[in-house]
Amino acid sequence: MPTVRLRGRTVLLLSATAVGLVAALAACGRSMPVGNRSVPQPAKPVDLQRYLGTWYEIARYDASFERGCEAVTAEYSLRKDGSIRVLNTCRQGSPSGRLRSSEGKAKIVPDSGNAKLKVSFFGPLFFGDYWVVDHSDDYEWSIVGEPRGKYLWILHRDATPDADTTDMLIERTRQLGYDTTLLHMTKQPPR
């Protein structure tokens, strides 16, 4: 009799956890504003070898998983299995705040010119879209989004590009159809 009871409790606990997770994910999806209702396809293919390395976040649409993050970096490197290692880091609250990091894995979407990836920080079941919507020919800047228009990142190889470059990136983002009033300008440590 105790075995049956334990199984019942386990099933009830797993069901409650699953319902809670689904409700939380649904709530997160509703709370994010849509900053671009017509996300463009990536403008050009990506040379993966040139895209790898460290990128500094200049601006983003604020998402719950990044709330309070400053001094944000994303580092991409090739894994032995052909996928891409993604290491995101940030400082909580300020450029000198407590360090947070998250490691994920990305896979190239076939026939996308390497401009579309599927990225997961939560294991093999949850992959999100990562589109390199535009980038400079010299791979100094990149604008990254996803098809729903809720997430956006403006990245640069320099942590603090000059004001003209930052203004140009914001204008290019606006030209791509993104609502730039939703941008959170990321604070990076001074040079």
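Got the relative contact order for the stretch 48-185 handy, in percent, Cα pairs under 8 Å and 6 or more residues apart?
Details: 255 pairs, mean separation 32.5, N = 138.
Averaging sequence separation for qualifying contacts and normalising by length gives 24 percent for the stretch 48-185.
DSSP loop chymotrypsin sites (Phe, Trp or Tyr not before Pro) in the stretch 123-159 with at most 14 other Cβ atoms within 10 Å of their Cβ, which ones? Don't skip to the end; give the middle numbers.
Values: sites: Phe126, Phe127, Tyr130, Trp131, Tyr139, Trp141, Tyr151, Trp153; in loops: Phe126, Phe127, Tyr139, Tyr151.
Counting only loop positions with at most 14 other Cβ atoms within 10 Å, the chymotrypsin sites (Phe, Trp or Tyr not before Pro) in the stretch 123-159 are Phe126.
Using 7 Å Cα-to-Cβ label points, what is the Asp179/Arg100 separation (nm, one decimal)?
2.3
For Asp129 and Leu52 in one chain, what is 0.36 nm times their gap in residues minus the Cα-Cα distance, to one decimal in nm?
Values: separation 77, 0.36 × 77 = 27.72 nm, distance 1.76 nm.
Between Asp129 and Leu52, full extension yields 26.0 nm more.
Taking each pair of distinct Cα atoms in the stretch 86-155 once, what is the resulting Kirkwood hydrodynamic radius in Å?
Working: mean 1/r = 0.0737 Å⁻¹.
One over the average 1/r among Cα pairs gives 13.6 Å for the stretch 86-155.
Tell me, in nm to one decimal, what length is gained between Val109 and Lys44 on full extension, where the rule is 0.36 nm per residue of separation less the Cα-Cα distance?
22.0 nm
Rounded to the nearest 0.05, what FRET efficiency do Ala63 and Asp162 give with R0 = 22 Å and r taken as the Cβ-Cβ distance? Could you check?
Working: r = 27 Å, r/R0 = 1.23.
So, using R0 = 22 Å, E works out to roughly 0.25.
What translational diffusion coefficient, in µm²/s and rounded to a whole number, does the Stokes-Einstein relation yield for the stretch 48-185 at 4 °C and a viscosity of 1.567 mPa s, taking the hydrodynamic radius as the Kirkwood radius over Cα pairs? Mind showing how you got there, number by number?
Numbers: Rh = 15.4 Å.
Value of D from the Cα-based Kirkwood radius: 84 µm²/s.
Which of Lys44, Lys118, Lys150 has the fewest other C-beta atoms within 10 Å, and how do the rest follow up to the most? Write down the numbers at each step before the final one.
Details: Lys44 12, Lys118 15, Lys150 19.
Neighbour counts put them in this order, fewest first: Lys44, Lys118, Lys150.
Could you point to the residue in Ser102, Val144, Thr180 farthest towards the positive end of the stretch 48-185's charge dipole, with +1 and -1 charges on the Cβ of Lys/Arg and Asp/Glu respectively?
Going by the charge dipole, the pick is Ser102.
Where a number appears in this text, it was derived from the coordinates with a stated rule and is not lab data. Because the structure is predicted, anything quoted here is derived from the model rather than measured. In this analysis, Cβ positions are derived from the backbone assuming ideal geometry, glycine residues included, and neighbour counts consider all displayed protein chains.
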